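I have placed the structure first, in the form of structure tokens, so that the comments after it can refer back to it.
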Amino acid sequence: TDAFKRLARANGLGVTSAGAGEYSGARVTRILDEAGYDGDRFVDDGEVTLAATDLSRRALDELHDVALSEGGVFFVSGPGVVSFFDRASITASFDPVVRFGNDGGDGSITYGELTIADTDEAIVNTVRVARTGGTAKYLMR
């Protein structure tokens with residue numbers, strides 16, 4: 001979208017290193033402001049604080065790093081609104097498909113017995129390998 005293009009072109013804003021302890025939402029706002037982005041935006045406050053940065057890379061790269069550090073998402077919506085959702089917004093927007101509980105009284109599914117194994121015997125690694133135009137091969141261990 002046009003917003004992504006504008007942020008990708010804001011290359012190496014290069015300000016004095018700042019923002020130590022800044023919440024992720026404040027960082028997103030600062031990056032957008034430094035990049036001169038004046039379009040519509042929605043920015044959550046953020047749940048994590050970040051280390052200082054000098055914004056020496058492309059604004060879009062800085063914004064993606066903030067989203068990754070937060071465990072949130074950064075995107076431009078269909079109507080063109082630059083949006084940053086923090087981890088709290090993401091987890092609050094999903095209802096679990098199944099809930100497990102002790103007695104089922106709250107609509108949850110009861111379980112008979114729960115034991116926690118302190119072993120790595122059930123860990124499985126899956127590897128999928130395919131050459132270009134070839135058939136995928138799987139290895140599970």
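The simple spin-label model puts a point 7 Å past each Cα toward its Cβ; for Asp38 and Ile90 those points are separated by 3.2 nm. Between Asp45 and Lys5, what FRET efficiency comes out of the Förster formula 1/(1 + (r/R0)^6) with R0 = 30 Å and r the beta carbon distance, rounded to 0.05? It comes out at approximately 0.65. The slack in the chain from Asp118 to Asn102, taken as 0.36 nm per residue of separation less the alpha-carbon distance, amounts to 3.5 nm. Accessible surface for the chain, divided over its residues, is 69 Å² per residue with a 1.4 Å probe.
Only beta bridges with both residues in segment 1-97 are counted; by DSSP, about 70 percent of them are antiparallel. Model label sites at Val81 and Ser17, defined 7 Å from Cα along the beta-carbon direction, differ in position by 3.6 nm.
The values are calculated or read from the model by the stated rules, or taken from the named source; none is laboratory data. From a predicted model like this one, the values you see are computed outputs, not experimental measurements. Neighbour counts are summed over all protein chains in view; Cβ atoms, including those assigned to glycine, are modelled from backbone coordinates with ideal geometry. Only protein heavy atoms, including side chains, enter the accessible area calculation; ligands, DNA and RNA are left aside. Shrake-Rupley method; radii C 1.70, N 1.55, O 1.52, S 1.80 Å.
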